[in-house]
Amino acid sequence: GAATAAAATATNIAAAVLCSLRTMVHRKNGPMTVVASDAGTGGGGPGADGGGLLPAAHHSGSPTFENLNSLATTLLTENDVAMQRTGAEMAGTLCWFATEEGVMANIHRLEALSQSDNPCARAGSALALGSMCRALGAMKSVPYLSSIVGLLCVLAREIEMPVRVWVLHSLWLTV
């Protein structure tokens, strides 16, 4: 009915936003490194200052970055697995654009979410932590590993099944 159509629409919108973010990462990191607004910056990466397709998103206080983070956090708390996964992937992809302070702010945001009474929120935060490691890559995630693995170990004590599954999956993504 109407609820199913609304859920499908929300999933499609969230997937489109995630696809757009991934395209931005590819354009900044892949064969099309220099785009019109990146001219002269030499590409991008975590903490790179190059404007690009997501202007001012490198600064964790920018409205664009904060709105996308808010959307990702909202998706993480949904009861639908597809929405949680999309939110986790979005949170991870956003870390690719963030400064070190922005990544740490996201980790703290996920830590607060992991202490929620809502098991969906705890499960979503666990998945987002693993997605962050995967999006950043092995070398760039090293400074954050102790915080991320520590949070995952705390969440691993959960008895709720969705939380345990996402914690195990996130640990797999982390190593």
Looking at the stretch 150-175, I want the residues that are among the acidic types (Asp, Glu) and have a partner that is part of a helix (DSSP H, G or I) with Cβ atoms under 8 Å, at least 6 apart or on another chain. Which pairs are those?
Glu158/Pro119; Glu158/Arg122; Glu158/Arg164; Glu158/Val167; Glu160/Pro119; Glu160/Arg122; Glu160/Ala123
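Given the structure, is Arg157 within 14 Å of the chain's Cα centre (by Cα), among the basic types (Lys, Arg) and open to solvent by 70 Å² or more (accessible area, probe 1.4 Å)?
Numbers: within 14 Å of the chain's Cα centre (by Cα): no; among the basic types (Lys, Arg): yes; open to solvent by 70 Å² or more (accessible area, probe 1.4 Å): yes.
In short, no.
Residue by residue, here is whether (1) within 20 Å of Leu21 (Cβ to Cβ); (2) more than 12 Å from the chain's Cα centre (by Cα); (3) among the small types (Gly, Ala, Ser); (4) surrounded by 23 or more Cβ atoms within 10 Å (Cβ to Cβ) holds:
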| residue | (1), (2), (3), (4) |
| --- | --- |
| Ser147 | no, yes, yes, no |
| Gly150 | no, yes, yes, no |
| Met161 | no, yes, no, no |
| Leu173 | yes, yes, no, no |
Within the stretch 106-144, how many residues are assigned to a helix (DSSP H, G or I) and open to solvent by less than 20 Å² (accessible area, probe 1.4 Å)?
18
Of the conditions (1) more than 21 Å from Val175 (Cβ to Cβ); (2) open to solvent by less than 60 Å² (accessible area, probe 1.4 Å); (3) modelled with pLDDT under 90, Thr77 fails just one. Which one is it?
(3)
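The values are calculated or read from the model by the stated rules, or taken from the named source; none is laboratory data. Keep in mind that what you see is a predicted model, and the values were worked out from it rather than measured. Reconstructed Cβ throughout: ideal geometry from the backbone, glycine too, with neighbour counts over all protein chains shown. Please note that ligands, DNA and RNA were not included when accessible areas were found on the heavy atoms of the full protein model with its side chains. Shrake-Rupley method; radii C 1.70, N 1.55, O 1.52, S 1.80 Å.
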